[in-house]
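This report concerns only the one structure given below.
The values are calculated or read from the model by the stated rules, or taken from the named source; none is laboratory data. Just so it is clear, the structure is predicted and the values come from calculations on it, not from any experiment. With ideal geometry, Cβ positions are generated from the backbone for all residues, glycine too; neighbour counts draw on all protein chains shown.
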């Protein structure tokens, strides 16, 4: 349309020429109208001309139209895009099997070896088994003291702890509960005195950790040597070991296969409620069998109660050491036992279970 078609003044109420009718919202493309229609017209905005440096405008338009039809960019400043590659077909992957966090072969081998040494010493010479307990206590104290110093800067007096811990185990076997308490008190006193030979900075935290270590490792282990003093002491200790191991195994097996609900995610994310049920079930069955066939004057229903108590105490002991290791920021207390960690990583469920088994056996069948 040329500019001359916009020459006549528009009628009121419309913007375009008379022959096109009223078109709302459009601006006239021609020059301004006369004074009669000046209030109803809008001047066409002036667009500055851009000089064409690429050649003839018609040729340029033809090129752009051809590029648009050919699937290229409509504007010259658009970069051509690479054609999309065809998606790679996804090959379904087989479901991943759950894997244990430790070397099971090494763990089983070390466990069988330790079990053979323990059983041999337990049924050959009782005093030899007391020596095995004392060695385990000293090594456990060394691991705990080393981790406390490395991670927290706490200097636990190891010498009085090691000597007092071994003496505690022997005193429990020779003098019973009374001897164990006396040795515990003397060990705590030795820790207080030994630490006085060093500067006073950190004295309180060092001796507090030392007394805690004396109670946590050797004193609780003393109940194992106290079990051994009964006439059927070897069978009592074997029952204690079997129930603890069965409880841990049941918790691991059931939790690994069926575990869905976390037991204590802030302390030990790997433990589940299903695993706890497995520990209770396995331990109760094993307890009924042990009390019926291994313990003199024992009955199966006592074994059910004993197994339940062992499962609970072993789980709490495991969670307790997990709490300590989380506070220290470590996974294992040591690396002495391949597939297991350190000695303390094997004593975690045994230590708090020992006084529970000792007490229940005394209540059920006497001290022997």
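Each row is one residue, and each column tells you yes or no for (1) touching a strand residue (DSSP E or B) at 6+ places or on another chain (Cβ under 9 Å); (2) under 13 Å from residue 239 (Cβ atoms); (3) part of a helix (DSSP H, G or I).
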position: 251; (1), (2), (3): yes, no, yes
position: 263; (1), (2), (3): yes, no, no
position: 271; (1), (2), (3): yes, no, no
position: 280; (1), (2), (3): no, no, yes
position: 283; (1), (2), (3): no, yes, yes
position: 291; (1), (2), (3): no, yes, yes
position: 298; (1), (2), (3): no, yes, no
> Within the range 195-206, which residues are closer than 12 Å to residue 156 by Cα and under 38 Å from the mean Cα position of the chain (by Cα)?
Replying inline: 195, 202, 203, 204, 205, 206
> Quick one: which of 182, 217, 237 is under 18 Å from residue 355 (Cβ atoms), within 32 Å of the chain's Cα centre (by Cα) and part of a helix (DSSP H, G or I)?
Replying inline: 217
> Which residue, of 207, 211, 163, is touching a helix residue (DSSP H, G or I) at 6+ places or on another chain (Cβ under 8 Å), within 24 Å of residue 356 (Cβ to Cβ) and in a helix (DSSP H, G or I)?
Replying inline: 211
> Here are 215, 219: which of them is surrounded by fewer than 17 Cβ atoms within 10 Å (Cβ to Cβ), closer than 27 Å to residue 118 by Cβ, in contact (Cβ under 8 Å) with a residue 12 or more places away in the chain and not assigned by TED's automatic domain parsing to the domain that holds residue 341?
Replying inline: 215
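Considering 319, 351, which residue is under 25 Å from residue 258 (Cα atoms), assigned to a helix (DSSP H, G or I), modelled with pLDDT of 95 or more and outside the structural domain of residue 212 (by TED's automatic domain parsing)?
Working: 351 fails: under 25 Å from residue 258 (Cα atoms).
Only one candidate qualifies: 319.
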> Out of all the residues in the range 222-239, is one or more touching a helix residue (DSSP H, G or I) at 6+ places or on another chain (Cβ under 6 Å) and without any contact (Cβ under 8 Å) to a residue 40 or more places away in the chain?
Replying inline: no
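A quick yes/no check of all residues on (1) modelled with pLDDT of 65 or more; (2) touching a strand residue (DSSP E or B) at 6+ places or on another chain (Cβ under 9 Å):
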| position | (1), (2) |
| --- | --- |
| 83 | no, no |
| 90 | no, no |
| 103 | no, no |
| 110 | yes, yes |
| 117 | yes, no |
| 122 | yes, no |
| 128 | yes, no |
| 142 | yes, no |
> Only one residue in 329, 298, 270 is touching a residue at least 60 places away in the same chain (Cβ under 8 Å), out of contact with any helix residue (DSSP H, G or I) (no Cβ under 7 Å at 6 or more places or on another chain) and more than 22 Å from residue 115 (Cα to Cα). Which one?
Replying inline: 270
